[in-house]
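A.B. asks: Quick one: the structure is below, and I'll ask about it shortly.
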Amino acid sequence: MCGIVAAVAQINVTPILLEGLKRLEYRGYDSCGVALHIDGKLQRSRSTSRVADLEAQVEKAHLSGFTGIAHTRWATHGAPATHNAHPHFSRDRIALVHNGIIENHDELRAELQAAGYHFESQTDTEVIAHLVNHMYNGDLFATVQQAVRRLTGAYAIAVFSVDEPHRVVAARQGSPLIVGVGQGQNFVASDAMALAGTTDQIIYLEEGDVVDLQLQRVWIVDAAGKAVEREVKTVHAYSSAVELGPYQHYMQKEIFEQPRAIADTLEGITGIMPELFGDGAFNVFKQIDSVLILACGTSYYAGLTAKYWIESIAKIPVNVEIASEYRYRDSVPNPNSLVVTISQSGETADTLAALKHARGQGMQHTLTICNVATSAMVRECALAYITRAGVEVGVASTKAFTTQLAALFLLTLALAQSKGRLSEEQEAAHLKAMRHLPAALQSVLALEPHIVAWAEAFARKENALFLGRGIHYPIALEGALKLKEITYIHAEAYAAGELKHGPLALVTEEMPVVTVAPNDALIEKLKSNMQEVRARGGQLYVFADADSHIKSSEGVHVIRLPENYGLLSPILHVVPLQLLSYHTALARGTDVDKPRNLAKSVTVE
Ligand code: F6R
């Protein structure tokens, strides 16, 4: 999703801005640009290519200045094209970058056109640039405070004026923005990672904040225009975490980091205690009579998996809802429900809105499973469990998913305990199994060479089906999502029992059917579904367990996971599916870490 970096300094800020954009590349973008205050003029360079190309362009044009703003754009209004790329200018006086969506842009555009402003782009952003210019009274800070009152929708903006050389003004509402505090230099960015190596002194702006950034001054006012102090936090630079090391891609690195990520997520857990989720969790867990899980994408599939665990172990009914649907649906609120949001980034607009919607309906027991401790999601929820996956750069989520599952299993046990449904023996057995996870993951990763061989066959396909049953049905869904995201192969997942109710019509000799086949209570049922596929000539690619009796034969390819992992099996069975997608993408030559049209952090609805 779009990224912002802006700087005011006594040195040339171009390298800081470009480095910041590189660090934001992981969010996904289709164009980028930078604008600087140079010798009393605004100058910019924009590109529909990679930040590295923008850098070459900037060098060639010798662009350097003490004040500047930069942006990576993920197109919403207007195609990915240079004239739509940010920064946008208004009459060579105002330069502005923007993340988010302005809902009343049509109305404002008409008003500004009537006032004589000419529009060069199809973006909603250019509207804000002209609006700021139109209202400009020589004091950019005061002007922006006035201008944002006219905006409906979500925004994080950074803006500067040719008339005020050492000043950048920024504001946020509904899109994340942070301030980086330096010595005689100050910055804003859409996340702290953009400033890694530049400053670790970070202020997280709150909704409605407007900030005045000068060389020696960071001045913040809230939505009501009242001066506010926001805490400066030391955020450890992520620079080493974002190095690729020996890996070819971040996705590959992140798949292989899973044993460490799970170990970190479960570090120090010697017993099940509701308080692992925050103060007062025991009372909340005792009180609630149901769970409502809200999430998007891969995080939603983590939620679907958790439903099986929570209902079977804690015996609490669970609803799992796609956040973008729930937020607009007429549902029946239950104030005794525990609302659980799941999010890697903690900034997903739909999940945040769904949470607010639930709270607005009187559901006050909120908990999040999130990978970013400083995110809006964590701030908005009463209880939280922070997964320790570390920075996830690859757009396709891998280690975030398995650490979410580990945290959700922990939540299941804590809920069961609070309801008096977890004996000490059961607790000890579950803890032992969880402690074994990193080693178990390591042995699953060792299957990589076998999976590479399958990937060659997959790379030539344009369609694939994924099957699973019970708790492995969400794993099949996640496997299909991974494949389509990074290889662009059309993939669908079905609960295997559904096959004969429609999708079987798709099965021919050309159709690879990936089957998640752990040796659980449903294995015999699954074998019948596999027969249905074979009888139509479909090619089965089966991930079985060490102790299962599924054998390779004509049209049936089998890879066995080293153990049967029982209840924790989904955490292990997703890993070969991640590897299959990764190696198929490599064989097809797609951009693994930055798949087309996708963004890492989806901060617009
Ligand atoms: C898929 C993927 C997305 C995210 C979704 C939610 O690989 O990464 O489907 O899971 O956009 O994002 P978070 O978890 O940040 O709320």
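A.B. asks: With the requirement that a residue be away from the ligand (no atom under 11 Å from the Cβ) and buried (at least 22 other Cβ atoms within 10 Å of the Cβ), what does region 338-353 give you?
C.D. replies: LEU338, VAL339, VAL340
A.B. asks: Do you know which of the residues in region 172-229 that are assigned to a strand (DSSP E or B) and small (Gly, Ala, Ser) is most open to solvent (accessible area, probe 1.4 Å)?
C.D. replies: In this case the residue turns out to be ALA227.
A.B. asks: Give me a count of the residues in region 68-85 that are open to solvent by less than 50 Å² (accessible area, probe 1.4 Å), part of a loop (DSSP other than H, G, I, E, B) and either in contact with a helix residue (DSSP H, G or I) (Cβ under 6 Å, 6 or more places away or on another chain) or modelled with pLDDT under 95 (or both).
C.D. replies: Residues in region 68-85 being open to solvent by less than 50 Å² (accessible area, probe 1.4 Å), part of a loop (DSSP other than H, G, I, E, B) and either in contact with a helix residue (DSSP H, G or I) (Cβ under 6 Å, 6 or more places away or on another chain) or modelled with pLDDT under 95 (or both): 4 in total.
A.B. asks: Which numbered condition trips up GLN216, out of (1) farther than 29 Å from LEU352 by Cβ; (2) free of Cβ contacts under 8 Å to residues at least 60 places away in the same chain; (3) in contact with a helix residue (DSSP H, G or I) (Cβ under 7 Å, 6 or more places away or on another chain)?
C.D. replies: (3)
A.B. asks: Let me ask something else. With GLU563, GLU509 as the choices, which residue is touching a residue at least 60 places away in the same chain (Cβ under 8 Å) and open to solvent by 10 Å² or more (accessible area, probe 1.4 Å)?
C.D. replies: Being touching a residue at least 60 places away in the same chain (Cβ under 8 Å) and open to solvent by 10 Å² or more (accessible area, probe 1.4 Å) holds for just one of GLU563, GLU509, which is GLU563.
A.B. asks: Which residues, taken from region 320-353, are closer than 20 Å to ALA599 by Cα, acidic (Asp, Glu) and not in a helix (DSSP H, G or I)?
C.D. replies: GLU347
Table: residues versus (1) open to solvent by 20 Å² or more (accessible area, probe 1.4 Å); (2) farther than 21 Å from LEU195 by Cα; (3) modelled with pLDDT of 90 or more.
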site: VAL232; (1), (2), (3): yes, no, yes
site: GLY245; (1), (2), (3): yes, no, no
site: ALA261; (1), (2), (3): no, yes, yes
site: ALA281; (1), (2), (3): no, yes, yes
site: ILE288; (1), (2), (3): no, yes, yes
site: LEU292; (1), (2), (3): no, yes, yes
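A.B. asks: Let me ask another. Among the residues of region 293-319, how many are within 16 Å of the ligand (Cβ to nearest atom) and not in a helix (DSSP H, G or I)?
C.D. replies: Residues flagged as within 16 Å of the ligand (Cβ to nearest atom) and not in a helix (DSSP H, G or I) within region 293-319 amount to 4.
A.B. asks: Select from region 463-502 the residues that are open to solvent by 10 Å² or more (accessible area, probe 1.4 Å) and in contact with a Lys or Arg (Cβ under 7 Å, 6 or more places away or on another chain) and list them in ascending order.
C.D. replies: ARG469, HIS490, ALA495, GLY497
A.B. asks: For residues in region 354-377 being within 12 Å of the ligand (Cβ to nearest atom) and outside any loop (DSSP other than H, G, I, E, B), which is surrounded by the most Cβ atoms within 10 Å (Cβ to Cβ)?
C.D. replies: The residue in question is ILE369.
A.B. asks: Just give me the residues in region 388-403 being more than 8 Å from the ligand (Cβ to nearest atom) and touching a Ser or Thr at 6+ places or on another chain (Cβ under 6 Å), in sequence order.
C.D. replies: Residues satisfying the conditions are ARG388, ALA389, THR403.
A.B. asks: Given the residues ALA453, ALA416, which is the only one that is open to solvent by 20 Å² or more (accessible area, probe 1.4 Å), part of a helix (DSSP H, G or I) and away from the ligand (no atom under 16 Å from the Cβ)?
C.D. replies: Within the list ALA453, ALA416, the selection yields ALA453.
A.B. asks: When you go through PHE119, PHE141 one by one, which is the residue that is assigned to a loop (DSSP other than H, G, I, E, B) and either within 21 Å of SER175 (Cα to Cα) or at pLDDT 95 or above (or both)?
C.D. replies: Checking each option against the conditions leaves just PHE119.
A.B. asks: Another question, if that's okay. On the given criteria, is VAL97 open to solvent by less than 10 Å² (accessible area, probe 1.4 Å) and either at pLDDT below 95 or touching a helix residue (DSSP H, G or I) at 6+ places or on another chain (Cβ under 6 Å) (or both)?
C.D. replies: Answer is no for this residue.
A.B. asks: Which count do you get for residues in region 568-605 that are within 11 Å of the ligand (Cβ to nearest atom) and modelled with pLDDT under 95?
C.D. replies: Within region 568-605, residues that are within 11 Å of the ligand (Cβ to nearest atom) and modelled with pLDDT under 95 number 7.
A.B. asks: Which condition breaks for GLY65 when tested against (1) under 20 Å from VAL169 (Cα atoms); (2) outside any loop (DSSP other than H, G, I, E, B)?
C.D. replies: Answer for GLY65: the failing condition is (2).
The values are calculated or read from the model by the stated rules, or taken from the named source; none is laboratory data. The shown structure was predicted, so the numbers you read here are calculated from the model rather than taken from an experiment. Quick reminder, even Gly has a Cβ in these numbers, built from the backbone with ideal geometry, and neighbours come from all protein chains shown. Each accessible area value is taken on the protein alone, full model and side chains, heavy atoms only, with ligands, DNA and RNA left out. Shrake-Rupley method; radii C 1.70, N 1.55, O 1.52, S 1.80 Å.
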